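Visitor: Right, I'll just put the structure down here and ask away after.
The values are calculated or read from the model by the stated rules, or taken from the named source; none is laboratory data. Because the structure is predicted, anything quoted here is derived from the model rather than measured. Counting neighbours? That spans all protein chains shown, and the Cβs are built from the backbone with ideal geometry, glycine included. Please note that ligands, DNA and RNA were not included when accessible areas were found on the heavy atoms of the full protein model with its side chains. Shrake-Rupley method; radii C 1.70, N 1.55, O 1.52, S 1.80 Å.
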2 protein chains.
Amino acid sequence: MKIAVIGGGSWGTALSKVFAEKGHQVSILVRRKEVALAINQKKTNPFYLPEITLPSNLKASLYPEEVFLNAEVVVWAIPSFALKEVLNQIKDFVEKVDFHLSCIKGIDFQSKKTPLTILKEFLSKKEIFVLGGPSFAKEVAQGLPTAVVLAGEKEDLTQKLQEEIAYSYFRVYRSDDPKGVELAGALKNVIAIASGISDGLGLGLNARASLITRGLVEIVRLGTKLGGKLATFYGLAGIGDLLLTCTGALSRNYKVGYALGKGENLSQILKNLHQVAEGVKTCLVVKELAEKYNVELPISFAVYDILYKNEEPKKCLKNLLSRALKKEFEDPFFVSIS
Amino acid sequence: MKIAVIGGGSWGTALSKVFAEKGHQVSILVRRKEVALAINQKKTNPFYLPEITLPSNLKASLYPEEVFLNAEVVVWAIPSFALKEVLNQIKDFVEKVDFHLSCIKGIDFQSKKTPLTILKEFLSKKEIFVLGGPSFAKEVAQGLPTAVVLAGEKEDLTQKLQEEIAYSYFRVYRSDDPKGVELAGALKNVIAIASGISDGLGLGLNARASLITRGLVEIVRLGTKLGGKLATFYGLAGIGDLLLTCTGALSRNYKVGYALGKGENLSQILKNLHQVAEGVKTCLVVKELAEKYNVELPISFAVYDILYKNEEPKKCLKNLLSRALKKEFEDPFFVSIS
């Protein structure tokens, strides 16, 4: 089939490579001429995946007319903050395509909306799917085995898309919880910052494992309030992606946290990163939503205080550890599943 | 209070250090004279925690008469296979003590019983607690922040013990599911071997994260059948300890798997290890229990085939990835919590 991918970053490029290797005709919409030229002529994306050779049935273009011509599926692989703007720019093209797959792991800071919600507003009559799970783009591009979750509302259509995108090294599980999958992917980025801070402070592997586990409790608390299903947070898009992001130094959010733990300054860290760390903005949204829904998120709030209130990372993490002795699962929510 | 610790390995020594620093009078029962002498005279355990200085209110002895004199709590920190034998040897001493804390993460291979079950058989009228959670002994001994779960059947007594053993860097959560906590601690070791194999084969972080996540599904399937509570497996003793053991190179089970993935021979690996890797034996028990209860555990079975059927690690892990496309949570069990 003809697949149009929006976004020539590392994730968009890696996914395009999988789809093209599977035999689909893939076209990537990119912003920069250099990226388009490199992909088309040198079969590489030197800015994001420099060591990877791309297949010849993968093309890139600056022009939506080319990219969306006869496209049957649109794959969204851009940062969450850019989604609305891009949608406005290319609405006429994308609304002709029936299937849309969001691979965006973030929440739009300004509207507090998830990509799924935004896509639904613009493309109300289309089928919108969400991809999640533990998947560093670089490893997918290297052809290393990866398992992801594809979530859609209609089982038969989800199964159809699942068969189209699964490939030898790219195992795709089906889910009926697109909302949960994208919330899991977004919320985990805040905990990844906490995990990086802990490692930057040199607190050790035990501390990091507890932070991740208690961080998952926070993701579940907020994520289920926002409409995600419990099982999703305990699956590949939840725990799987969380532990990958929190323990693998390839994660940008983890890197931001690590540098903070080392005492570096946030604005300088973000300047050096050259890429988007979704968790930095997601943390603001999480703070607001947690207050709105009245859920207790001590780790996420500590990250907020460190990012936006200039609090000492060491002090904040120490506070987390010195709270009153309690039961592991105190809230009625967890008692109900125990 | 007076605490008697059984086992002068790394975990027994590290826990003893925490308790002694908290101000308790701690005595460790050890097997080897050299260990007792080193702890008493040099304030160190050169065999397991060579770089750690132990507090002066921590003593070691070969003689139960000394160790259990006036003891109010007995802490069990020996390998699971040794429990029955040791219980038989010191039954007269330990049955005078009312509180017992099992810190053993394994299942006795011969009887297929967990330490809690065995302790209950020997000490039917005593209160038996279980400690779990992500806790590399070395980091605990270094005073790095660690969060654990203390599980007991009676809330008030559990709370009392919680207050006695919690310390500044040693955060203790309470649980009412001793069975689940110990099952989580034991079953995770099989998945840790799988995780090590994956890394030894160089399959990457995505593959490892999926293995851990799907491994957790297996732990939940079997663990709940055996009487553990669902929430426990999603807490510190479950996910927390699982992800620590599967991603931290300090784990012996992970190391065994890693060497297998590198093509080394099991008997040679175990010979080089000098310590017990509980998962190797636990895997046999898991295989038997899974067949008895008719639960599907593809990862644990693959580990079994690699350990005991001389199957190629690469082939087994490839088979795991090439199974039919499916839903993430197909079984009714997970559907019910979703």
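Visitor: Name, by its number, the condition in (1) part of a helix (DSSP H, G or I); (2) open to solvent by 10 Å² or more (accessible area, probe 1.4 Å); (3) within 19 Å of B:Lys314 (Cβ to Cβ) that does not hold for B:Ile191.
Guide: Single failed check for B:Ile191: (2).
Visitor: What number goes with the only condition from (1) within 30 Å of A:Phe233 (Cβ to Cβ); (2) in contact (Cβ under 8 Å) with a residue 24 or more places away in the chain that A:Lys120 does not pass?
Guide: Of (1) within 30 Å of A:Phe233 (Cβ to Cβ); (2) in contact (Cβ under 8 Å) with a residue 24 or more places away in the chain, only one is false for A:Lys120: (2).
Visitor: Can you tell me which residues in the stretch B:209-227 are at the interface with chain A (Cβ under 10 Å from one of its Cβ atoms) and either among the charged types (D, E, K, R) or in a loop (DSSP other than H, G, I, E, B) (or both)? Break it down into steps so the answer makes sense when it comes.
Guide: The initial filter retains those residues of the stretch B:209-227 that are at the interface with chain A (Cβ under 10 Å from one of its Cβ atoms), namely B:209-214, B:216-217, B:220.
Matches in the stretch B:209-227: B:Arg214 only.
Visitor: If you don't mind, there's one more thing I want to ask. Say whether the condition of being over 20 Å from B:Val220 (Cα atoms) and either surrounded by fewer than 19 Cβ atoms within 10 Å (Cβ to Cβ) or of a type in the set (D, E, K, R) (or both) is met by at least one residue in the stretch B:178-187.
Guide: Within the stretch B:178-187 (the criterion being over 20 Å from B:Val220 (Cα atoms) and either surrounded by fewer than 19 Cβ atoms within 10 Å (Cβ to Cβ) or of a type in the set (D, E, K, R) (or both)), the answer is no, since none of the residues qualifies.
Visitor: Then there's this: Is there a residue being more than 23 Å from B:Thr114 (Cα to Cα) and away from chain A (no Cβ under 11 Å) anywhere in the stretch B:243-252?
Guide: no
Visitor: Hey, could you check the stretch B:199-208 for residues that are facing chain A (nearest Cβ under 9 Å), of a type outside the set (A, V, I, L, M, F, W, C) and part of a helix (DSSP H, G or I) and say which is least open to solvent (accessible area, probe 1.4 Å)?
Guide: Taking the stretch B:199-208 as the starting set, the residues that turn out to be facing chain A (nearest Cβ under 9 Å) are B:202-208.
Going one step further and asking which of them are of a type outside the set (A, V, I, L, M, F, W, C), we end up with B:202, B:204, B:206, B:208.
Still in the list and also part of a helix (DSSP H, G or I): B:206, B:208.
Working: B:Asn206: 0, B:Arg208: 22 Å².
Per the criteria, the residue is B:Asn206.
Visitor: How many of the residues making up the stretch A:97-108 are in a loop (DSSP other than H, G, I, E, B) and farther than 24 Å from A:Val276 by Cβ?
Guide: Here the count works out to 2.
Residue-wise test of (1) over 20 Å from B:Ser10 (Cα atoms); (2) touching an Asp or Glu at 6+ places or on another chain (Cβ under 6 Å); (3) open to solvent by less than 10 Å² (accessible area, probe 1.4 Å); (4) of a type in the set (Phe, Trp, Tyr).
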residue: B:Gly263; (1), (2), (3), (4): yes, no, no, no
residue: B:Val286; (1), (2), (3), (4): yes, no, yes, no
residue: B:Phe301; (1), (2), (3), (4): yes, no, no, yes
residue: B:Asp305; (1), (2), (3), (4): yes, yes, no, no
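Visitor: Looking at (1) more than 9 Å from chain B (Cβ to nearest Cβ); (2) open to solvent by 10 Å² or more (accessible area, probe 1.4 Å); (3) over 12 Å from the mean Cα position of the chain (by Cα), which is the one condition that is false for A:Gly196?
Guide: Status for A:Gly196: all satisfied but (2).
Visitor: Same structure, new question: Can you tell me how many residues in the stretch B:120-172 are within 13 Å of chain A (Cβ to nearest Cβ) and either touching a helix residue (DSSP H, G or I) at 6+ places or on another chain (Cβ under 6 Å) or not charged (D, E, K, R) (or both)?
Guide: Of the residues in the stretch B:120-172, 34 are within 13 Å of chain A (Cβ to nearest Cβ) and either touching a helix residue (DSSP H, G or I) at 6+ places or on another chain (Cβ under 6 Å) or not charged (D, E, K, R) (or both).
Visitor: Would you check which residues across the stretch A:182-210 are over 22 Å from A:Val172 (Cβ atoms) and touching a strand residue (DSSP E or B) at 6+ places or on another chain (Cβ under 9 Å) and list them?
Guide: A:Gly204, A:Asn206, A:Ala207, A:Ala209, A:Ser210
Visitor: Condition first: at pLDDT 95 or above, over 21 Å from B:Leu242 (Cα atoms) and of a type in the set (Ser, Thr, Tyr). Now tell me which residues in the stretch B:99-157 satisfy that.
Guide: The one that is at pLDDT 95 or above, over 21 Å from B:Leu242 (Cα atoms) and of a type in the set (Ser, Thr, Tyr): B:Thr117.
Visitor: Give the residue that is farthest from the chain's Cα centre (by Cα), with candidates limited to residues of the stretch A:140-173 that are in contact (Cβ under 8 Å) with a residue 40 or more places away in the chain, within 19 Å of A:Glu21 (Cα to Cα) and assigned to a helix (DSSP H, G or I).
Guide: Here the answer is A:Glu164.
Visitor: When you look at B:Tyr169, is it of a type in the set (Phe, Trp, Tyr), surrounded by fewer than 24 Cβ atoms within 10 Å (Cβ to Cβ) and modelled with pLDDT under 95, yes or no? Walk me through how you get there before you give the answer.
Guide: Numbers: of a type in the set (Phe, Trp, Tyr): yes; surrounded by fewer than 24 Cβ atoms within 10 Å (Cβ to Cβ): yes; modelled with pLDDT under 95: yes.
Yes: the conditions hold for B:Tyr169.
Visitor: Here is a follow-up. Given (1) farther than 17 Å from A:Ile104 by Cβ; (2) part of a loop (DSSP other than H, G, I, E, B); (3) touching a residue at least 24 places away in the same chain (Cβ under 8 Å); (4) not charged (D, E, K, R), where does A:Ala249 come up short, assuming only one miss?
Guide: For A:Ala249, the exception is condition (3).
Visitor: Based on this model, can you work out whether A:Asp108 counts as within 14 Å of chain B (Cβ to nearest Cβ) and acidic (Asp, Glu)?
Guide: no
Visitor: Please enumerate the residues belonging to the stretch B:229-242 that are open to solvent by 10 Å² or more (accessible area, probe 1.4 Å) and either among the aliphatic types (A, V, I, L, M) or more than 12 Å from chain A (Cβ to nearest Cβ) (or both).
Guide: Passing the criteria: only B:Leu230.
Visitor: Please go through the stretch A:288-299 and give me each residue that is surrounded by fewer than 21 Cβ atoms within 10 Å (Cβ to Cβ), more than 14 Å from every other protein chain (Cβ to nearest Cβ) and not β-branched (Val, Ile, Thr), ordered by number.
Guide: Selection gives A:Glu288, A:Leu289, A:Ala290, A:Glu291, A:Lys292, A:Tyr293, A:Asn294, A:Glu296.
Visitor: Filter the stretch A:311-338 for residues that are modelled with pLDDT of 75 or more, facing another protein chain (nearest Cβ under 9 Å) and assigned to a loop (DSSP other than H, G, I, E, B); which is most open to solvent (accessible area, probe 1.4 Å)?
Guide: Top of the filtered list is A:Lys326.
Visitor: Please name all residue pairs, on different chains or six or more residues apart, with Cβ atoms under 7 Å, provided the first residue is in the stretch A:45-61 and is closer than 21 Å to A:Val74 by Cβ and the second residue is open to solvent by 30 Å² or more (accessible area, probe 1.4 Å) and part of a loop (DSSP other than H, G, I, E, B).
Guide: Qualifying pairs under 7 Å: A:Leu54/A:Lys43.
Visitor: A follow-up question, please. Condition check: assigned to a helix (DSSP H, G or I), of a type in the set (A, V, I, L, M), more than 9 Å from chain A (Cβ to nearest Cβ) and touching a residue at least 60 places away in the same chain (Cβ under 8 Å). Does B:Ala184 satisfy that?
Guide: So B:Ala184 does not fit the description; no.
Visitor: Given the structure, is A:Gly238 small (Gly, Ala, Ser) and either at pLDDT 95 or above or in a loop (DSSP other than H, G, I, E, B) (or both)?
Guide: Working: small (Gly, Ala, Ser): yes; either at pLDDT 95 or above or in a loop (DSSP other than H, G, I, E, B) (or both): yes.
Yes; evaluated as a whole, the condition is true for this residue.
Visitor: How many of the residues making up the stretch A:14-30 are closer than 17 Å to A:Pro64 by Cα and in contact with a Ser or Thr (Cβ under 9 Å, 6 or more places away or on another chain)?
Guide: Looking only at that region, the number is 6.
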